[in-house]
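Asks: Take this structure, written in structure tokens, and hold onto it; I'll ask about it next.
The values are calculated or read from the model by the stated rules, or taken from the named source; none is laboratory data. The structure presented is a predicted model; accordingly, all values stated were derived computationally and were not measured. Backbone-built Cβ (ideal geometry, glycine too); neighbour counts: all protein chains shown.
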Amino acid sequence: MLRTRFCELMEVEVPVLQAAIAPYTPPELVAAVSNAGALGTVSTGFQTIEQVRSTIRRTQELTDRPFVVNFVTPRHYGEMLKRQFDRLYAEGEESGTVMCIPLHPYLIGQPYRIKAFEEALAYITRHDKVWLATGREIAKHFLDHHYDQFAAASVPVGEAP
């Protein structure tokens with residue numbers, strides 16, 4: 001069986017982390033994953049603090065194995081965006097890079113999360129050479145400025161050496 005550093009750190013038998021997809025990770029699923037030797041994850045999305053407590057207690061009733069509680073506060077989410085930006089901004093100094101910010105309703109669509117998102121965007125846009133763009137705008141820029149060069153360098157499928 002495959003053993004990794006992840007297994008050692010998380011005290012699990014297999015290097016598998018179950019995704020926390022709210023609201024589709026009930027305690028029964030989390031416990032089943034943990035009981036199978038992987039690392040189950042409790043999702044706290046869309047739950048009140050009392051519901052989170054109840055979900056954790058129920059999971060503990062169903063397993064004595066390790067599991068994760070995925071709890072991201074608005075402040076933490078904003079800080080994660082800023083840290084991700086700082087890393088990509090430094091890495092892209094010479095060549096540029098793309099930072100995708102998922103606009104999932106759970107992450108930024110809740111009133112109590114919007115302030116952290118606004119603060120992260122303000123932080124990002126204070127930097128030089130930052131282009132806030134939609135996927136459509138990026139595609140248009142590519143088509144207008146780089147497509148012909150890309151197409152000329154491409155090799156049709158089936159003709160590659």
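Let's see how each residue does on (1) touching a Phe, Trp or Tyr at 6+ places or on another chain (Cβ under 7 Å); (2) not acidic (Asp, Glu):
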site: Thr55; (1), (2): no, yes
site: Glu61; (1), (2): no, no
site: Asp64; (1), (2): no, no
site: Pro74; (1), (2): yes, yes
site: Gly92; (1), (2): no, yes
site: Leu121; (1), (2): no, yes
site: Trp131; (1), (2): no, yes
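Asks: Any residue that is under 29 Å from Gln47 (Cβ atoms), in the same structural domain as Gly78 (by TED's automatic domain parsing) and hydroxyl-bearing (Ser, Thr, Tyr) - is there at least one of those in segment 113-127?
Replies: Yes, segment 113-127 has at least one match.
Asks: Here's a follow-up. Report, by residue number, each residue of segment 67-96 that is in a loop (DSSP other than H, G, I, E, B) and surrounded by 13 or more Cβ atoms within 10 Å (Cβ to Cβ).
Replies: Looking only at segment 67-96, we keep the residues that are in a loop (DSSP other than H, G, I, E, B), and these are 71-73, 92-96.
Passing the criteria: Phe71, Val72, Gly92.
Asks: Could you tell me how many of the residues in segment 97-109 are touching a residue at least 12 places away in the same chain (Cβ under 8 Å) and either in a loop (DSSP other than H, G, I, E, B) or in contact with a strand residue (DSSP E or B) (Cβ under 8 Å, 6 or more places away or on another chain) (or both)?
Replies: Residues flagged as touching a residue at least 12 places away in the same chain (Cβ under 8 Å) and either in a loop (DSSP other than H, G, I, E, B) or in contact with a strand residue (DSSP E or B) (Cβ under 8 Å, 6 or more places away or on another chain) (or both) within segment 97-109 amount to 3.
Asks: Still on this structure: Taking into account only those residues within segment 31-66 that are in contact with a Leu (Cβ under 8 Å, 6 or more places away or on another chain) and within 24 Å of His104 (Cβ to Cβ), which is surrounded by the most Cβ atoms within 10 Å (Cβ to Cβ)?
Replies: Gly40
Residue by residue, here is whether (1) touching a helix residue (DSSP H, G or I) at 6+ places or on another chain (Cβ under 8 Å); (2) farther than 25 Å from Phe46 by Cβ; (3) among the aromatic types (Phe, Trp, Tyr) holds:
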| position | (1), (2), (3) |
| --- | --- |
| Pro74 | yes, no, no |
| Met80 | no, no, no |
| Tyr89 | no, yes, yes |
| Gly92 | no, yes, no |
| Ser95 | no, yes, no |
| His104 | no, no, no |
| Val130 | yes, yes, no |
| Leu143 | no, yes, no |
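Asks: Going through segment 122-153 one residue at a time, which ones are among the hydrophobic types (A, V, I, L, M, F, W, C), in a helix (DSSP H, G or I) and without any contact (Cβ under 8 Å) to a residue 12 or more places away in the chain? Walk me through how you get there before you give the answer.
Replies: Within segment 122-153, the first condition is being among the hydrophobic types (A, V, I, L, M, F, W, C), and the residues that meet it are 122, 124, 130-133, 138-139, 142-143, 150-153.
Filter once more, so that each one left must be in a helix (DSSP H, G or I): 122, 124, 138-139, 142-143, 150-153.
Of everything in segment 122-153, those that are among the hydrophobic types (A, V, I, L, M, F, W, C), in a helix (DSSP H, G or I) and without any contact (Cβ under 8 Å) to a residue 12 or more places away in the chain turn out to be Ala122, Ala139, Phe142, Leu143, Phe150, Ala151, Ala152, Ala153.
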